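Take a look at the structure set out below.
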Amino acid sequence: MRRGPTMTARIGSYGVLGVVGAITVLPLLYMGALSLQTEAETLSANPVLWPETPQFGNYAELFERAPFGNFIINSIVVTGGITVAHLVFDPLVGYVFAKFRFPLRNTLFIALLTTLMMPLFVRMIPLYVMMSNLGWLNSYQALIVPFLMDAFGIFLMRQFIQPIPDDLIQAARIDGASELRIYARVILPQVKPALAVLGLFTFVFQWNEFLWPLVATTTEDMRTIPVGLTLFNQEYFTLWHLTAAGSVILFVPTVLLFLFSQRYFVRGITLSGLK
Amino acid sequence: MRQLTTGPPRRRRLRGPLAVFAPSLNRRYVLTAYAFLIPAFAFFGLMFYLPIANIITNSFNTGPQANQFAGLENYTRAFEDASVQNSFTVTFIFGAATTIGAIVIGLALALLLNQPLRGRVVFRAALLVPYLTSVAIVGLLWRNILDPQLGILNRLLMDLGLPTQSWLNTHPLATIIAVTLWMTVGYTMVLFLAGLQGIPEQYHEAATVDGASPWQRFWRITLPLLAPTTLFVSVMAVISGLQAFGQAYIITGGGPANATDLYIFHVFNVAFTSRDFGYASALSFLLFIVIVIFTVIQLRVGRRNEVQY
């Protein structure tokens, strides 16, 4: 056992962590306060930390002055669609690479991992042209289809499926179970924690994604929340109380998910080190 | 998760009477495997390999549809273009500073949190929370806080009797670097924490018994054994530094005077404001080459550095 730090070291550590923690958390709390201020308060040359009377009506105003309902629906459909797709496809392909032997397996696996070097920002122009040629610009297809699968998710699932004993699979085959049934009944239940990590991370990243929805949508009613927020902000000029209210709506789902599953998040970040 | 630790035999031939079926079974499994893989590779081919092929071919073209052959014109133009050079320098400084900052601050915080302190989980959560926010939130929020007239920061500085700031005008690049670190440092901290927890306790104990100071233990044990984590963190930070976009798009608009014209933001404007797809493709391809180089370095160095405990 390591001895604990000395009293001074302990106080010093708490001091530093407290200051850094305040720097990370307080701006986000201020965002909450800003969302409850009147427009005049946000534009005052003498800004306040807390509004005189909290304006909960700002949240209703959001829906009156911008198609914020559309933003929310779009974000849910797009993020939900992509997350479900990842949870369906990534483990399936990961399973094939983990447990099947077939010609070209290694070559195909390397070809798959190579796509990790092709991030969206390198591909955004040809993808934009492709979506435009397909007539998909400004549609859910354009926002979802380029993200149906992810090499890292597949890699992660393969790592988790590999240690499952082959005997379990063979036994199921001898019992006459179909391949899909084996996958659903034998493999998937064994990798539930990895699926949770995959689902959480896919959700948070897609929920926050900014660049592609900005590129692939052209009308206001197709924006997702992150993009809607900024356009809203530019088009209506510094309506900070509404910008902040919209930010809170965007932020709350991820922070709730995080608070209820911090363990999985930390695990997921650690797993990203597997790359 | 128990199965993770057991090491079952990988390849088991069917024995006994079932062996007769093995060849036909195998063929069936091969077909099953391909049946699953064909849609997957159709997807990766269309959404990854084809776009890369497209930026390569389009990079030799010009015109609004990028369909007139221009040879190497886009590339020679890229190397002579002062705005590209500026953008490259800006991105280089941004990438280097965010990478070094992420490593130094992330590691320092991880070392603090690796002590047996009460409330570690709470601090870890507090430091990680900005990482969960969208760059849209981060950008807008800090633009508001830092605003010289409306921002709360100047109000607080005034109340404390300190000089006020307009950092987004006076030090724009340093400011968006700091904002980026605010967002990402929790992530590197968690990676370093995992790395630290992977270092066997005995090493530190043995060194302590031999009279090594904490400082010596850090430089001689912790840092060398963390090398794989540090390498991973740096490559991740470099790549996310290269892809920073929202910071310029939302906070600074690339200004003032192009001081924060991050590369992706530049390419975005060439493509979608100037509608110069050929030139934008060439610029994208140059970025792709940089990413490939960094990834190859990571793989090469990473393999050499693999630590055996």
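Taken together, the values in this text are just the output of simple stated rules run on the coordinates, not laboratory data. Every value quoted in this text rests on a predicted model; they were computed, and no experiment measured them. Note that we place each Cβ from the backbone using ideal geometry, even for glycine, and neighbour counts take in every protein chain shown.
Side notes on the structure shown:
- For the pair A:A33 and B:N26, a Förster radius of 60 Å applied to the C-beta separation gives a FRET efficiency near 0.40, rounded to the nearest 0.05.
- A quarter of the convex hull surface defined by the alpha-carbon atoms of chain B gives 25.7 nm² as the mean projection.
- Counted residue by residue at 0.36 nm each, then reduced by the alpha carbon distance between them, the extension gain from B:L72 to B:Q202 reaches 40.9 nm.
- Span-like helix ranges in chain B, DSSP H, alpha carbon extent 24 angstrom or more, Kyte mean at least -1.0: B:22-44, B:82-113, B:172-197, B:277-304
- Relative contact order computed over the range B:20-124 (Cα-Cα under 8 Å; 6+ residues apart), in percent: 9
- Between helix A:120-134 and chain A there is an angle of about 90 degrees, using the helix long axis and the longest principal axis of the Cα atoms.
- Extending 7 Å from the Cα toward the beta-carbon at both B:T273 and A:R105 defines two label points whose distance is 5.1 nm.
- Length added when fully stretched, B:Y34-B:I289, from 0.36 nm per residue minus Cα-Cα: 88.7 nm
- Spread over its residues, the convex hull of the C-alpha atoms of the range A:114-227 is 135 Å³ per residue.
- Residue range of chain B that is longest and free of trypsin sites (Lys or Arg not before Pro) which are both DSSP loop and sparsely packed (at most 13 other C-beta within 10 Å): B:119-274
- Candidates A:N74, A:N46, A:N58: whichever shows maximal mean-square fluctuation once chain A is modelled as a Gaussian network with Cα springs under 10 Å: A:N46
- Counting only other chain Cβ atoms within 10 Å of each residue's Cβ, the peptide A:16-23 averages 6.
- Here B:Q85 and A:D175 are evaluated by their C-beta separation; at R0 = 45 Å the FRET efficiency comes out at 0.10.
- Residue (of B:T164, B:G253, B:L287) at the positive-pole extreme of the range B:81-304, dipole from beta-carbon charges: B:L287
- The dipole here belongs to the protein assembly as shown: it is taken about the Cα centre, uses +1 on the Cβ of Lys and Arg and -1 on the Cβ of Asp and Glu, and is about 3020 debye.
- Taking one quarter of the surface of the C-alpha convex hull of the range A:170-234 gives a mean projected area of 6.6 nm².
- Placing pseudo-labels 7 Å out from each Cα toward the beta carbon at A:I73 and A:A184 gives an inter-label distance of 3.1 nm.
- Taking the charge dipole of chain B about its Cα centre, with +1 at Lys and Arg Cβ atoms and -1 at Asp and Glu Cβ atoms, the residue from B:V190, B:G241, B:T98 reaching farthest to the positive side is B:V190.
- Between A:P119, A:P91, A:P67, the residue with the greatest mean-square fluctuation in the GNM of chain A (Cα pairs under 10 Å linked by springs) is A:P119.
- Scaling against 2.2 N^0.38 Å puts the C-alpha radius of gyration of the protein assembly as shown at 1.04.
- Site pair B:W215 and B:T170 shows an inter-label distance of 3.4 nm when each label is modelled 7 Å from Cα along Cα→Cβ.
- 10 Å Cβ neighbours from other chains, averaged over peptide A:6-14: 2
- The charge dipole of the range B:81-304, taken about its Cα centre with unit charges on the Cβ of Lys, Arg, Asp and Glu (plus for the first two, minus for the last two), comes to roughly 420 debye.
- The mean number of Cβ atoms from other chains found within 10 Å of a Cβ in peptide B:154-166 is 1, as a whole number.
- When +1 charges are put on Lys and Arg Cβ atoms and -1 charges on Asp and Glu Cβ atoms, the dipole computed for the range B:179-284 relative to its Cα centre reaches about 140 debye.
- Mean ellipticity per residue at 222 nm, deg cm²/dmol - from DSSP H runs of n ≥ 4 across chain A, formula -39500 (n - 2.57): -22500 deg cm²/dmol
- Measuring r between the beta carbons of B:L156 and A:Q141 and using R0 = 51 Å, the FRET efficiency lands at 0.60.
- Using alpha-carbon coordinates, inclination of helix A:7-34 to the longest axis of chain A, degrees: 70
- Cα-based helix-to-principal-axis angle, A:225-235 vs chain A, degrees rounded to 10: 30
- Gyration tensor (alpha-carbon) shape descriptor, chain A, a/c threshold 1.5: oblate
- Shape category assigned to the range B:111-159 from the gyration tensor of Cα positions, a/c cut at 1.5: oblate
- Relative protection proxy for B:204-216, A:21-33, B:250-262, A:204-216, from highest mean packing down: A:204-216, B:250-262, A:21-33, B:204-216 (other beta-carbon atoms within 10 angstrom).
- The range A:33-79: GluC sites (Glu not before Pro) falling in loop per DSSP and having at most 15 other Cβ within 10 Å: A:E52
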